[in-house]
1. Which of the residues spanning region 68-85 are in contact (Cβ under 8 Å) with a residue 40 or more places away in the chain and either outside the structural domain of residue 47 (by TED's automatic domain parsing) or over 18 Å from residue 47 (Cβ atoms) (or both)?
2. Name the single residue, out of those in region 78-115 being touching a strand residue (DSSP E or B) at 6+ places or on another chain (Cβ under 7 Å) and in a loop (DSSP other than H, G, I, E, B), that is modelled with the lowest pLDDT.
3. Need pairs with beta-carbon distance below 9 Å; first residue outside the structural domain of residue 49 (by TED's automatic domain parsing) and within 14 Å of residue 71 (Cα to Cα) and within region 86-110, second modelled with pLDDT under 95 and outside any strand (DSSP E or B); sequence gap 6+ or separate chains.
């Protein structure tokens, strides 16, 4: 009788530890990156562009999405297709040279006009 009581207590203790371990693992597991960051486009068609200081700011369209990138000075015109390498996404970025705040802009290390 004493042995079965110990077996029951032991089983219940293991069951409670398993659920605690699952909760702890859930809290310490790294969060998945936001979908927009993980799937950001690396190509788009130039809708508009502005040169300022050492950057070219380009509004690009890819599919049905429009977004801004800032690249080292690049010669582009409306309608060009541009490929770029993501570097850093900035939210609410204020460009002093343009006197404008971008809701979201991607600073890129390079941008290439596709032929």
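1. 85
2. Among residues in region 78-115 that are touching a strand residue (DSSP E or B) at 6+ places or on another chain (Cβ under 7 Å) and in a loop (DSSP other than H, G, I, E, B), the one modelled with the lowest pLDDT is 97.
3. Close Cβ pairs (under 9 Å, with a partner that is modelled with pLDDT under 95 and outside any strand (DSSP E or B)) do not exist here.
The values are calculated or read from the model by the stated rules, or taken from the named source; none is laboratory data. Here the structure is a predicted model, which is why all the values come from computation and not from measurement. As a convention, Cβ positions derive from the backbone with ideal geometry for all residues, glycine included, and neighbour counts pool all protein chains shown.
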